[in-house]
Amino acid sequence: MNDIEAFIRRLPKAELHLHLEGTILPATLVELSARHDAQPLTLAEAEALYRFTDFTGFLDAFRTVCKQLIGPEDYELAAWRMIEQLSEQGIVHAEVFVAVGVIYLWRKDDPGAFEPIFAGLERARLRGERELGISLYWIFDAVRHFTVEEAERVFLKAAELKPAHPSIIGIGLGGDERRCGSAAFHTLFQEAARAGLRLTNHAGETTGPEAIREALAIGSERIGHALSAGHDFYLLQDLKEREIPLELNLTSNVRTGVCPSYAAHPLRKYFDTGLLVTLNSDDPAFFGSDLANEYLLAHTEQGFTRAELRQLAANSIRASFLPELEKTEWLFRIDLMK
Ligand SMILES: [Zn+2]
């Protein structure tokens, strides 16, 4: 490990845009398949699954991995492996999407299936806190193209469980933006906010800046990807003035083909414009990356200096949903880093 890599590892940082299902490495997928399949996947087959070349191929692979998550033990295993990976990278806090929308749609005949699954996730989270000192929040993610009614079930479940489980910090909207925007979810977002849930949204990944405006109009507090914001000068000014955190995902955007190259990614432009940008890994197992590598890419591909990497880490803490006191403590620690 060279100097800059060691610096990145030591830097206290938060990961704010990470899908649990997207952290499942081929080896873990093989392990899950051995639990469930009469003819378990081989490692070579599992690896081949991750070699998609476009956004649709990515969604197909994601679906196949989700199908291997069945019981509470599967979710617990996936979450624990994820937490170990986070800890190795010097991540001190993570806010993780769980595709609750997928669980609900696929288990329509078994509405009680979710609570035991969530208990499995919580076991892994508490173990991570105890053994590795990492803090973790859950974001219940609905799939926008599954209909508003399906999203409502996800958000109502988050609201119902939150009082007993403060680790449920918010809700998110993922899925295929090309098939469904944000406007239809306005009322649901208002209700979720009233239940004390924080609002995140994927917008402007495969769609234009108008999708980001629409996401802001329904009250989204953080925008995932926001890749197309750069096409709209006034939107950039608005995002800056309101200090809306952007969850950027370099390798994800290059691998799904929505951004042609690392050099073409708007990270540098957004950063220099003064936007509250954060680096994230989205689905690291699918994209052959992780958050530490995303920081390294910011350095090698877009010339981010150590001071600027420190700023990105500080942004990740500021943009998190941690209590103010905890933010202050981490920001102080980051300030001390040379
Ligand atoms: Zn995402």
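The values are calculated or read from the model by the stated rules, or taken from the named source; none is laboratory data. These numbers were taken from a predicted model, which means no experiment stands behind them. We place every Cβ from the backbone using ideal geometry, glycine too, and count neighbours over all the protein chains shown. Quick note on the areas: whole protein, heavy atoms, side chains included, nothing else; ligands and nucleic acids left out. Shrake-Rupley method; radii C 1.70, N 1.55, O 1.52, S 1.80 Å.
Asp110 contributes about 80 Å² of solvent-accessible surface, heavy atoms of the protein only, 1.4 Å probe.
For the range 136-218, trypsin sites (Lys or Arg not before Pro) meeting the loop criterion (DSSP other than H, G, I, E, B) and having at most 11 other Cβ atoms within 10 Å: Arg179. Placing Met82, Met337 in order of accessible area, with the largest value first and a 1.4 Å probe, yields Met337, Met82. Modelled spin-label separation between Asp54 and Thr305, with each label point placed 7 Å from Cα along the Cα-to-Cβ direction: 4.2 nm.
Amide H contacts of Val96: Tyr137, Trp138, Ile139, each under 5 Å away and 5 or more positions distant or on a separate chain (H built 1.01 Å from N in the peptide plane; Pro and chain starts excluded). The 3J(HN,Hα) values that the Karplus relation (6.51, -1.76, 1.60; θ = phi - 60°) gives for the range 301-309 are, in residue order, 8, 10, x, 5, 7, 4, 4, 6, 5 Hz. Gly and Pro appear as x.
On a per residue basis, the convex hull of the C-alpha atoms belonging to the chain measures out at 130 Å³.
Under 1.5 on a/c is rounded, so check that first for the range 1-135, then, if it is not, pick prolate when a/b is larger than b/c and oblate when it is not; a ≥ b ≥ c are the square roots of the alpha carbon gyration tensor eigenvalues. Here the range 1-135 falls in the oblate category. Taken one residue at a time, the phi angles of the range 67-79 give Karplus couplings (6.51, -1.76, 1.60, θ = phi - 60°) of 5, 8, 9, 10, x, x, 5, 5, 5, 5, 4, 4, 5 Hz. Gly and Pro are set to x. Checked against a 32 Å cut-off, the cross-linked pairs Lys13/Lys108; Lys157/Lys338; Lys240/Lys338; Lys13/Lys162; Lys157/Lys269; Lys67/Lys157 give Cα-Cα distances beyond that limit for Lys13/Lys108; Lys157/Lys338; Lys157/Lys269.
Legend: calculated FRET efficiency, Ala193 to Arg130, from the Cβ-Cβ distance at R0 = 30 Å, rounded to 0.05, equals 0.40. Overall, the accessible surface of the chain at a probe of 1.4 angstrom is composed of carbon and sulfur to the extent of 53 percent. Once C-alpha pairs closer than 8 Å and six or more residues apart are averaged by separation and normalised to the residue number of the chain, the relative contact order reads 19 percent.
Centre-to-centre, using Cα atoms only, the range 66-128 and the range 260-281 are separated by 29 Å.
Normalised by the number of residues in the range 2-65, the mean separation of alpha-carbon contacts (under 8 Å, six or more apart) gives a relative contact order of 28 percent. Using a simple spin-label model with pseudo-atoms 7 Å out from Cα toward Cβ, Glu84 and Thr328 lie 3.8 nm apart. FRET efficiency for the Lys108 to Glu210 pair, using the beta carbon distance and R₀ = 35 Å, is estimated at 0.55.
Within the assembled protein chains, the solvent-accessible surface assigned to Arg123 is about 110 Å², based on a 1.4 Å probe. Between His186 and Asn2, the FRET efficiency estimated from the beta carbon spacing at R0 = 41 angstrom works out to 0.25.
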